[in-house]
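Novice: My questions all concern the structure below.
The values are calculated or read from the model by the stated rules, or taken from the named source; none is laboratory data. These numbers come from a predicted model, not from an experiment. Please note: Cβ atoms are built from the backbone with ideal geometry, for glycine as well, and neighbour counts cover all protein chains shown. Note: areas computed on protein heavy atoms with side chains; ligands, DNA, RNA excluded. Shrake-Rupley method; radii C 1.70, N 1.55, O 1.52, S 1.80 Å.
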Amino acid sequence: MCGIFGYIGIKDNASEIILKGLKGLEYRGYDSWGIAVKINDKISVEKHVGKIGDAKVNLPKSTIGIGHTRWATHGGVTMENAHPHLDCTGEISVLHNGIIENYREIKDELIKKGHKFKSETDTEVMPHLLEEYLKKGKNFTESMRLAFNHCKGLSAFVAINTKSHQIVAAKNGSPLILGIGENEFFIASDASGILPYTRNLIFIKDNEMISLDKNLKLFTLPDGKEIKPKIEVITWNVESSSKENFKHFMLKEINEQPKVIRNIAENYEDQILELAKIIKKSRGTFFIGCGTAYYASLAGMYLFSKIAKKHVNTAPASEFNYLEDFLTKESLIIALSQSGETIDVVEPLSRAKRKGAKIVSIVNALGSTVYRMGDFKLLLGAGPEKAVASTKAYIAKLSILFMLANLIDNNNFKSVKNILLKTADQIEKIVTDGFENKYKNLIKFLSKKENVYIIGRGISYGTALEGALKLKEISYIHAEGLAGGELKHGPLALIEKNSPCIVLAPDDDTYDAIISNAMEIKARGGYIIGISSKKSDVFDEFIEVKETGCSIISQVIPMQLLSYYLALEKNLDPDKPRNLAKSVTVK
Ligand code: M6R
């Protein structure tokens, strides 16, 4: 979380270059933003609370500066807490992505030494620490090394100093990418903002530090040994994305899903056969991911059991650190991620790698950290996903897992392809068939509710969880996804007159049992919204989703659309829900 963009070079419009870079990084956090540039021997800062949108910057001309979009961790969303932060002299400015776990004790020490703090952030200790080391006669690079080593936790820091006219950066967590231009350097959280200026990049590794003035120097941490930078010449382009004729990115991305499935059906056979071979050889396969990606991996576990007759394990990636003791060199970790930057995925992968386990990355973002960590890499090919709510990347993951489970079991690619193509057509119908009008009353009814329950069994269990996540994050309605059989073990106590319950009832071996669960809810006054190909008397509202042989993919679409239209009904921004960010790079 948090977007970082820095510039040092010969152009004198650093603040505008930085602002442009930040606009492309807003997906990492949109609580506040700020830019600091060097003006003579002091630093000038401009900060704003809220989204960057089409903001302009009013800073004077400068050839060096840093900027930040914030996703708040320590301290509320205020101007004071917005980055960049300054030291007492106004000559050092720092921005940060991550968490300084021991900031409280560092702050107390610094306060005792007379430093004045203006924010509640953990970050603000860093400029004051740098100031302390400079006072002791260290140069700025050495000060950063010592200050960085003083901090606990996973972080990326970028700092400028007016006296040495220099940018230094160090990291052991969040991504930092350096762009090397003609007499200029760029530093950013991802490559997209740098590629318009240069294709020569350095992906700064964890426990590395760089110093930029007229020259570039790279060091290892914690020892500060200088090493030779490895410059990669990037040949790929970052795909851009606009809303086209859609009101929001989320709606556009929901509409793109048929195209995403068709692409996988038509072009992925060879890669998936190769991956199937790797999985067959492994002794212990683990699917990991976070949020929506975790629900996709849960669906994968059921698909593998049902279709491939193979047991795979799954866990939320944020929990995998606590489950890794049994990993061996023969283990295979399949990481699912849209952004490829989620720290809760990156961290367990690094540990698994150290244990010699093999990594498969299934990601959407080319060049991302998770992508680069993979021994085998597979791109989702869903195109840029801009809305915070993941839709098309989820569908891409499910399509790949469905194909994979089938190709492990047999090589009947033709039938898998046909099922996927039929599913794509079916989804196209749902998204282009006036959903909003058709379910106007349902949307009104749900918008007034505080709680929604979603039940599914077997392969639909993960979909129930994913549907609930979509409702929560986009419409701010509390939604609980449940395995149908679990209701009577407790949650049924919550059901009262008109409690809305979405029932996922595909025409498979779960149908009869889930309908019985729906009856149990209805008997207690619940209002049943059935998503199914088969009508049932128990449904108060029926959302028809025709059976195509892969209901796991199509049944989530009505819930994506419901969440989207509920957000509109409640006057919320579906693309940028409160408190969230597209890329989650803090633990
Ligand atoms: O980029 P990733 O797929 O690794 O992101 C994982 C989750 O943060 C993400 O799926 C999140 O849950 C979405 N906001 C869900 O819509």
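Novice: Let me confirm something: among Y302, Y294, which residue is out of contact with any helix residue (DSSP H, G or I) (no Cβ under 6 Å at 6 or more places or on another chain) and closer than 23 Å to I552 by Cβ?
Specialist: Exactly one residue qualifies, and that residue is Y294.
Novice: Suppose we filter the stretch 356-369 for residues that are among the β-branched types (V, I, T), within 11 Å of the ligand (Cβ to nearest atom) and not in a helix (DSSP H, G or I); how many remain?
Specialist: Summing the residues that are among the β-branched types (V, I, T), within 11 Å of the ligand (Cβ to nearest atom) and not in a helix (DSSP H, G or I) in the stretch 356-369 gives 2.
Novice: Looking only at residues in the stretch 278-293 that are closer than 23 Å to T585 by Cβ and outside any strand (DSSP E or B), which one is nearest to the ligand (Cβ to nearest atom)?
Specialist: G291
Residue by residue, here is whether (1) open to solvent by 20 Å² or more (accessible area, probe 1.4 Å); (2) away from the ligand (no atom under 14 Å from the Cβ); (3) within 28 Å of K470 (Cα to Cα) holds:
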| site | (1), (2), (3) |
| --- | --- |
| A276 | no, yes, no |
| Y295 | yes, no, yes |
| A299 | no, no, yes |
| E324 | yes, yes, no |
| L336 | no, no, yes |
| D344 | yes, no, yes |
| R354 | yes, yes, no |
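Novice: List pairs: first residue in the stretch 345-366 and charged (D, E, K, R), second residue open to solvent by 40 Å² or more (accessible area, probe 1.4 Å) anywhere in the structure, Cβ distance under 6 angstrom, at least six positions apart or on different chains.
Specialist: K358/D375
Novice: Name the residue that is surrounded by the fewest Cβ atoms within 10 Å (Cβ to Cβ), counting only residues in the stretch 8-36 that are part of a helix (DSSP H, G or I) and in contact with a Ser or Thr (Cβ under 7 Å, 6 or more places away or on another chain).
Specialist: Selected residue: E26.
Novice: If you don't mind, another one. Checking E256 against (1) among the acidic types (D, E); (2) without any contact (Cβ under 8 Å) to a residue 12 or more places away in the chain; (3) within 16 Å of the ligand (Cβ to nearest atom): exactly one of these is not met. Which one?
Specialist: (2)
Novice: Further, regarding this structure: For the stretch 559-575, enumerate the residues that are crowded, with 21+ Cβ neighbours inside 10 Å and within 16 Å of the ligand (Cβ to nearest atom).
Specialist: Once the filter is applied, which keeps residues that are crowded, with 21+ Cβ neighbours inside 10 Å and within 16 Å of the ligand (Cβ to nearest atom), the stretch 559-575 yields M559, Q560, L561, L562, S563, Y564, L566, A567, P574, D575.
Novice: Go through the stretch 66-98 and give me each residue that's within 11 Å of I160 (Cα to Cα) and open to solvent by 40 Å² or more (accessible area, probe 1.4 Å).
Specialist: Scanning the stretch 66-98 gives a single hit, L86.
Novice: So for the stretch 102-118 (the condition being under 23 Å from the mean Cα position of the chain (by Cα) and either within 21 Å of D12 (Cβ to Cβ) or at pLDDT 95 or above (or both)), does at least one residue qualify?
Specialist: no
Novice: Would you say S533 is open to solvent by less than 20 Å² (accessible area, probe 1.4 Å) and among the small types (G, A, S)?
Specialist: No.
Novice: Let me ask something else about it. For the stretch 147-179, what are the residues that are under 15 Å from A36 (Cβ atoms) and in contact with a strand residue (DSSP E or B) (Cβ under 6 Å, 6 or more places away or on another chain)?
Specialist: Selection gives F157, V158, A159, I160, N161, T162, I167, V168, A169.
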